[in-house]
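Some notes on the structure that comes next.
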Amino acid sequence: PLRRAGNKPPVEPTDSYALFHDGTLYIGMRCHEAQVDSIVAPPSARDAMNVFSQDHVEIFLDPNHSRSRFFQLAVNADRTAMFDTAPGRNLTWNGKWIAKTHKGKDDWTIEIAIPLSTLNLTPLVSHTWGINLGRYESRLKETTGASLTKTTNFQLPQRYPTLVWPDSVDFSRYMLLP
């Protein structure tokens, strides 16, 4: 479960799930929300920074388990604003990932499909990745994450939990060709 800074439980919990199938990493999140009508998610241009002040989720992936470089994906609750960067804060990278959202009566859900081929994998890729998931709930100004420090900084890959892939996953199938 995602937690607030200081390892405190959130007011609005978030459940998360991950699945790998046919070359794609799927991440699903259920964002509990007592006041669905209060969700803030206006349309924005891709990679516009205002997504971070809206109700949104973020995914951080460190496929080389470098503990220093990561991909960042963010999408708002209506899927009308998306943001992504490649390692080194490369804002020109626009990965080919897909997000779908749905609002329920007391939650909103998101499923994100990330083809491994969009992550520019190299031979440095590891079967152990760093991963962090985050959520910002605008009504309460509540930030939660799988890994947070005393502040609400998601961008500390040295603190990311790990995602361990089965040995049967052959990453060479998804690497950039030389």
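The values are calculated or read from the model by the stated rules, or taken from the named source; none is laboratory data. Since the model is a prediction, treat every value here as computed from it, not as a measurement. Using ideal geometry, Cβ is built from the backbone for each residue, glycine included, and neighbour counts are taken over all protein chains shown. Just the protein is used for accessible areas: all its heavy atoms, side chains included, with ligands, DNA and RNA removed. Shrake-Rupley method; radii C 1.70, N 1.55, O 1.52, S 1.80 Å.
The single residue among T162, T101, T144, T85 that is under 15 Å from R69 (Cβ atoms) and of a type outside the set (G, A, S) turns out to be T85.
If we keep just the residues of segment 19-49 that are surrounded by 16 or more Cβ atoms within 10 Å (Cβ to Cβ) and acidic (D, E), which is nearest to P1 (Cα to Cα)? Applying the filter and picking the extreme gives E33. Residues in segment 137-144: is at least one touching a Pro at 6+ places or on another chain (Cβ under 7 Å) and at pLDDT 90 or above? Looking through segment 137-144, at least one residue is touching a Pro at 6+ places or on another chain (Cβ under 7 Å) and at pLDDT 90 or above. Is it true that some residue in segment 11-18 is open to solvent by less than 30 Å² (accessible area, probe 1.4 Å) and either aliphatic (A, V, I, L, M) or touching a Phe, Trp or Tyr at 6+ places or on another chain (Cβ under 8 Å) (or both)? Scanning segment 11-18 turns up no residue that is open to solvent by less than 30 Å² (accessible area, probe 1.4 Å) and either aliphatic (A, V, I, L, M) or touching a Phe, Trp or Tyr at 6+ places or on another chain (Cβ under 8 Å) (or both). Hey, among the residues in segment 50-84 that are in a loop (DSSP other than H, G, I, E, B) and among the charged types (D, E, K, R), which one's least open to solvent (accessible area, probe 1.4 Å)? Only one residue tops the list, namely D55.
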